[in-house]
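The values are calculated or read from the model by the stated rules, or taken from the named source; none is laboratory data. Not measured: the values here are computed from a predicted model. Note that each Cβ is placed from the backbone with ideal geometry, even for glycine, and that neighbours are counted across all protein chains shown. Side chains are part of the model used for accessible areas, which takes the heavy atoms of the whole protein and leaves out ligands, DNA and RNA. Shrake-Rupley method; radii C 1.70, N 1.55, O 1.52, S 1.80 Å.
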Amino acid sequence: MQDESAAQCRAYLQAHPEFLLQEPDLLQQLTLPHLGVGSASSLLERQVQRLRDERDRLQRYVATLLRQAQRQTELGRHLGRLAVDLLLAQDRGACVAALRRSLEKDFAVESFVMLTGPQSCLPDAITLEESDWQRLADDREAQAGVQLGEDELRRYFPAAVSLPASLASISVRGPDCSALILLASDDPERYGADMATDLLEQISRLFSAALQRCAGSDRDA
């Protein structure tokens, strides 16, 4: 019965929000316990506190949206700078140098390595045996949460003080040049499997197009 009476009271007050305004003596008598405190507060004080809490929540939400927008704007500038640098590159070596600068300086990549198959097409890349290359190569342009064995990690990142905690990959596809770029981080969450790969895919397309454009000049040289 108590639950039923409480439900009826709640329904009545919801249907008649002016009721307490019409009963100022009752409104003055109403007190509600402070959460975690032994004193009591008026209904009005509790309502004001709820409004303040909601205001603070909305302010935090807006601040988060603004930070995300600023971050997207910053990433857009970095991509634009990389695109210009790749357009100015005259050969594959210059393309690799432009990508290296962008990953290290703009995108704050802690460590990365370039892998190619037996027909190596990139300077400073690690050339893999055909079996290893076929196992690692993937049709997808980018992937996060890449899993490799300890021996492979030590081979690809020999200078690392500790083994990378998370990996992402960027596939490079061209008519006469295929490669895989591994990005590594000590942060296990940076390249987690649930990470969006849109940015990595854009880098893949820019770098692949630049390498294809420079292929002719490399052959002529």
Taking Lys and Arg as +1 and Asp and Glu as -1, residues besides PHE207 with C-beta under 13 Å from its C-beta add up to +3
Send over a whole-number figure in Å² for the accessible area per residue of the stretch 93-221, probe 1.4 Å.
51
In what sequence, largest accessible area first, do TYR191, TYR61, TYR12 appear using a 1.4 Å probe?
TYR61, TYR12, TYR191
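Find how much the distance from GLN14 to LYS105 grows on full extension, using 0.36 nm per residue of separation minus their present alpha carbon separation; answer in nm with one decimal.
26.9 nm
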Antiparallel DSSP beta bridges within the stretch 88-221, percent to nearest 5
90
The simple spin-label model distance between GLN59 and ALA193, using points 7 Å out along Cα→Cβ, in nm, is 4.0
Please give me the summed charge of the neighbours of GLU152: other residues whose Cβ is under 11 Å from its Cβ, Lys and Arg +1, Asp and Glu -1.
0
Roll a 1.4 angstrom probe over the protein heavy atoms and tell me the percent of accessible area of the stretch 104-154 that is carbon or sulfur.
39
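Could you work out the relative contact order of the stretch 129-169, using alpha carbon pairs under 8 angstrom and six or more residues apart, expressed as a whole percent?
With pairs under 8 Å counted, the relative contact order is 47 percent.
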Per the Cα gyration tensor, the stretch 59-169 corresponds to an equivalent ellipsoid with semi-axes, largest first in Å, of 29, 21, 13
Unit Cα scatterers, Debye sum, the stretch 80-125: log10 I(q)/I(0) for q = 0.15, 0.30 Å⁻¹:
-0.41, -1.10
